[in-house]
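Here, each number is a calculation from the coordinates, and none is a lab measurement. Quantities reported herein were computed from a predicted structural model and do not represent experimental measurements. For neighbour counting, all protein chains shown are included, and Cβ atoms are generated from backbone atoms with ideal geometry for every residue, glycine included.
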Amino acid sequence: MHTSPAIDALPRSGIREIMELADQIPDAIVLGAGEPNFATPEHIRRAAAAAAEAGHTKYTPNLGIPALRAVLVDKLRDRNGYAVTADRIIVTNGGVEALFTSMTAILEPGDEILLPDPGWPNTTAMAHILRATPIYFPLAAEHGFVPRIEDLEPLVTAKTRALLINSPSNPLGSVIDRSRMRELVAFAEARNLWLISDECYDEIVFDDRFVSAAAVGNPERIFSVYTFSKTYAMTGWRVGYVAVPSIAAPLVAKLQEPITSCINAPAQHAAIAAITGPQECVREMRDAYRDRRDGVATRFARGGIGVHPAAGAFYAWADISASGRSSRDFALALLRERQVAVAPGTAFGVRGEGYVRLSLATASDRLYEGVDRIVEFVQAHRPALA
Ligand code: PLP
């Protein structure tokens, strides 16, 4: 019987490989996954339980419950700095589905989409599923790991339909500042490209550098993608949303029906409580990630390992090139010899070579113990390489 060769050929996640091996090691320190270690705050959990008790257990409209979309209009205005009407907001199954429906609405087979390298690998897989071609633009250490117009310019062809940016970045923690964001939206407009702005870490920012693309560009050209997963430690609830250009709203709306029909009803009520309830929980989690970022940097510095100073998200991007090993070999040997699981940089693209990603969304004692073991591991192997 026939199965799809294109889907069969989808690359295996380089993060998953390490995580599966880590699962077999009791007591391994797992710094590989991008998931908050905090519980979903209590008032959010209670709102979901109350919604279920009150009978909100049926299908909802495809686009999401109107009360949620209404508070998202306020959130985008007050926290992200741009105006959008509720008819352009679609509640999705996490940021993942927001990205997938956005890409499905604009890409045809053979079209090209510009993606960051290093970048979050799921968008590459989405392009392949749609039979579109990912074309990678570099994010380089010497330029602060943010996109540059001079790197994008030569990649545009007659087939390029979209540019995807991700600020704050997974895996880099880099944040695109206002002036660069202005250049990027102007570039996309001038080249007639849709801009997909993955802003899933929009509220996990450590300074005032972050700006939403739609706040400095024309929201009619931009798909702005968000999630409750990271801000409110709600990964398992699967609620995200996307603000789309008016012309694309009916397409994304149509896609919702066959893809997922609607998002879990109690989870949508939990999302309302998250947005409208107390925000101290967001501040507390953000402060914890910032402290851990600093603690990790100090420990790595003592061991002579460079780490990119993240301005947002909850990752440490560490330069392990001194080990003389490839990222994948490093991650495999580190797990075997020191029982610490990290994501190899190459899981995020070829330009991730020489790096590993650690999740700061890990309890501090385990995180610091993991970093100390990495430093030890690099030092133990250095003499052999000298
Ligand atoms: N975008 C980026 C860059 C991410 O790292 C993630 C999750 O890891 C997502 C989007 C989507 O997350 P979710 O589907 O849980 O909202």
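Here the chain has an Rg and Dmax of 20.7, 67 Å, counting Cα atoms alone. If only the Cβ of Lys and Arg carry +1 and only the Cβ of Asp and Glu carry -1, the dipole of the chain around its Cα centre is close to 160 debye.
Rounded to whole Å, the principal axis extents of the Cα atoms in region 11-55 read 43, 27, 16, largest first.
Convex hull volume of the Cα atoms of region 225-299, normalised per residue: 124 Å³. Eigenvalues of the alpha-carbon gyration tensor of region 1-121, scaled by 5 and square-rooted, set the equivalent ellipsoid semi-axes at 32, 25, 18 angstrom, largest first. Each of 254, 58 was scored by other Cβ atoms within 10 Å of its Cβ. Listed from fewest to most, they are 58, 254. Counting only lysines at least 8 places from residue 58 when in the same chain, those with an alpha carbon closer than 20 Å to its own are 254. Of the residues 60, 3, the one with the fewest other Cβ atoms within 10 Å heads the list, and the complete ranking is 3, 60. If both residues of a DSSP beta bridge must be in the chain, then about 45% of such bridges are antiparallel. Across the options 248, 9, 59, the greatest Cα extent toward the positive end of the charge dipole of the chain (unit charges at beta carbon of Lys, Arg, Asp, Glu) belongs to 59. Computed extension gain for residue 6 through residue 128, at 0.36 nm per residue and net of the alpha carbon distance, reaches 43.2 nm. Given contacts defined as C-alpha pairs under 8 Å and at least six residues apart, what's the relative contact order of region 218-330, whole-number percent? It comes to 16 percent, rounded to a whole number. Computed extension length for residue 87-residue 257: 59.6 nm, one decimal, from 0.36 nm per residue of separation with the Cα-Cα distance subtracted. At the listed q of 0.15, 0.18, 0.24 Å⁻¹, the Debye profile of region 255-311, built from one uniform point per Cα, gives log10 I(q)/I(0) equal to -0.68, -0.74, -0.93. Report the calculated FRET efficiency for residue 178 and residue 336 (r = Cβ-Cβ distance, R0 = 30 Å), to the nearest 0.05. Efficiency for this residue pair is about 0.10.
The alpha-carbon of residue 230 sits under 12 angstrom from the alpha-carbons of these aspartates and glutamates, leaving out residues fewer than 8 places away in its chain: 35, 199, 202, 203.
Working from Cα pairs under 8 Å separated by at least six residues, relative contact order for the chain is 25 percent.
What the phi angles of region 19-28 give under the Karplus curve with 6.51, -1.76 and 1.60, with θ = phi - 60°, is a coupling list of 5, 5, 5, 5, 4, 8, 10, x, 6, 4 Hz, glycine and proline written as x.
Each peptide in 261-272, 41-52, 8-19 receives the mean, over its residues, of other Cβ atoms within 10 Å, and ordering these scores from highest gives 261-272, 41-52, 8-19. Shown for 198, 291: other C-beta atoms within 10 Å of each C-beta, ranked fewest to most, produce the order 291, 198. Would you report the distance distribution of C-alpha pairs in region 137-251 as whole percents per 10 angstrom bin, up to the bin with the largest distance? Reading the bins upward from 0: 13, 44, 34, 8, 0. Any chance you could give the angle, 0 to 90 degrees and rounded to 10, that helix 265-276 forms with the longest Cα principal axis of the chain? For helix 265-276, the angle is close to 80 degrees. By the equivalent-ellipsoid construction on the alpha carbon gyration tensor, region 168-231 comes out with semi-axes of 20, 13, 9 Å, ordered largest to smallest.
Entry note, region 93-187: relative contact order of 29 percent, from Cα contacts under 8 Å with a spacing of 6+ residues. To the nearest 10 degrees, how steep is helix 249-259 against the longest Cα principal axis of the chain, on a 0 to 90 scale? Between the helix axis and the principal axis of the chain, the angle is about 70 degrees.
Relative to one another, the C-alpha centroids of region 50-118 and region 320-386 are positioned 36 Å apart. Modelled this way, with points 7 Å down the Cα-to-C-beta line, the labels at residue 153 and residue 363 are 5.2 nm from one another.
Note on region 237-357: along the principal axes its Cα atoms extend 51, 34, 28 Å, ordered by decreasing extent. Using Cα-only point scatterers and the Debye equation, what is log10 of I(q)/I(0) for region 52-192 at each q in 0.18 Å⁻¹, rounded to two decimals? These q points yield log10 I(q)/I(0) values of -1.18.
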